[in-house]
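Here the structure comes first, spelled out in structure tokens, and everything after it is commentary.
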Amino acid sequence: MVARPLLLGGLLLLVLGLLGEFLIFPGMLASDGGEFAAQISSSGDTETFNDYDVGDSVSIVDTVARIQLDEGQTRVWLASIGAADTDIAFRFNGDLLADFAPDDEVVITFEVAQLGSGETPAGYETSAEALPADAIAPRYSSTTEMAFAGLAVLGLGLVVFGGFNSWRGGGAPEDDWDAPAAPAAVPMAAPPAMTPAAPAMAAATPAAAAPVAQPVTIQCPACQAGLQINDPTRPLNITCPACQAGMVVR
């Protein structure tokens, strides 16, 4: 039925969207703050990123452990790194205290920029030495996550629509997606019955031979099959051998 490909396609999109939202994005396309901090190599005042090159995009998915406003910039500590003053904190331009709080799940996105002979998050190489305010967003609001969420919603819609059509058309015949039914075989006419032998002649006076019944062909009113009748008895109750419909021949 048409509902079958809708259900299968919807389930595929729904599974892909959910996997992307909860497994692929946070586990494969992004990292947490601790993983990002662990790959930083420092030599004096120069920092380089072992896992990224200049121009690469970095996505960090983590939980806010501490947030603080300092001289017009918001500092955010992440749970996977730590909330002590000596731990790495990300700096953002502007006051974000009204937008984020401890225990909020956030996504931080930035590009890697060149800073002297080292590397740094884009924005740190400027005089502001901070990321732009739009570099941090609540979880499930980033572009990648919205794309996966859209796949999941589309898949769910197809599953619901396909399921409704399958339920509504449950008694309808199969369509082109199913194998076509084999054409019904033309019923064969019933073979003529053997004419019974004439009764034996009486011992005293010979009797005339019984007349031979002439075959009669009728048409089944149910399936239109031709039936040959040899029994002269009337009325005669018979059953169509093709469709098993009962009838009375008069």
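Only one of 40, 81 is at pLDDT 95 or above, out of contact with any strand residue (DSSP E or B) (no Cβ under 6 Å at 6 or more places or on another chain) and not small (Gly, Ala, Ser); which?
Within the list 40, 81, the selection yields 81.
If the requirement is being surrounded by fewer than 17 Cβ atoms within 10 Å (Cβ to Cβ), under 18 Å from residue 57 (Cα atoms) and touching a residue at least 12 places away in the same chain (Cβ under 8 Å), which of these qualifies: 111, 119?
Selected residue: 111, the only one of 111, 119 that is surrounded by fewer than 17 Cβ atoms within 10 Å (Cβ to Cβ), under 18 Å from residue 57 (Cα atoms) and touching a residue at least 12 places away in the same chain (Cβ under 8 Å).
Each row is one residue, and each column tells you yes or no for (1) surrounded by 15 or more Cβ atoms within 10 Å (Cβ to Cβ); (2) over 25 Å from the mean Cα position of the chain (by Cα); (3) within 28 Å of residue 120 (Cα to Cα); (4) not small (Gly, Ala, Ser).
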| site | (1), (2), (3), (4) |
| --- | --- |
| 7 | yes, no, no, yes |
| 15 | no, no, no, yes |
| 25 | yes, no, yes, yes |
| 30 | yes, yes, yes, no |
| 36 | yes, yes, yes, yes |
| 39 | no, yes, yes, yes |
| 42 | no, yes, yes, no |
| 51 | no, yes, yes, yes |
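So if I check each of 145, 119, 129, 174, which one is more than 18 Å from the chain's Cα centre (by Cα), at pLDDT 85 or above and on the phi < 0 side of the Ramachandran plot?
119
Can you name the residue in region 74-108 that is of a type in the set (Val, Ile, Thr) and surrounded by fewer than 19 Cβ atoms within 10 Å (Cβ to Cβ) and is also farthest from residue 49 (Cα to Cα) among such residues?
86
Which condition number in (1) of a type in the set (Phe, Trp, Tyr); (2) in a helix (DSSP H, G or I); (3) more than 30 Å from residue 163 (Cβ to Cβ) is the one that residue 22 fails?
Single failed check for residue 22: (3).
If you check 225, 185, 203, which single one turns out to be at pLDDT 75 or above and more than 35 Å from the chain's Cα centre (by Cα)?
Criteria check complete, one pass: 225.
I need a count of the residues in region 124-148 that are of a type in the set (Val, Ile, Thr) and in contact (Cβ under 8 Å) with a residue 60 or more places away in the chain.
Counting residues in region 124-148 that are of a type in the set (Val, Ile, Thr) and in contact (Cβ under 8 Å) with a residue 60 or more places away in the chain gives 2.
Being over 30 Å from residue 7 (Cα atoms), surrounded by 17 or more Cβ atoms within 10 Å (Cβ to Cβ) and touching a helix residue (DSSP H, G or I) at 6+ places or on another chain (Cβ under 8 Å), is that true of even one residue in region 122-138?
yes
List every residue pair whose Cβ atoms lie under 6 Å apart, where the two residues are 6 or more positions apart in sequence or sit on different chains, the first residue falls within region 64-86 and is in contact (Cβ under 8 Å) with a residue 40 or more places away in the chain, and the second residue, located anywhere, is of a type in the set (Ser, Thr, Tyr) and part of a strand (DSSP E or B).
From residues that are in contact (Cβ under 8 Å) with a residue 40 or more places away in the chain, the pairs are 79/63.
The values are calculated or read from the model by the stated rules, or taken from the named source; none is laboratory data. Quantities reported herein were computed from a predicted structural model and do not represent experimental measurements. For neighbour counting, all protein chains shown are included, and Cβ atoms are generated from backbone atoms with ideal geometry for every residue, glycine included.
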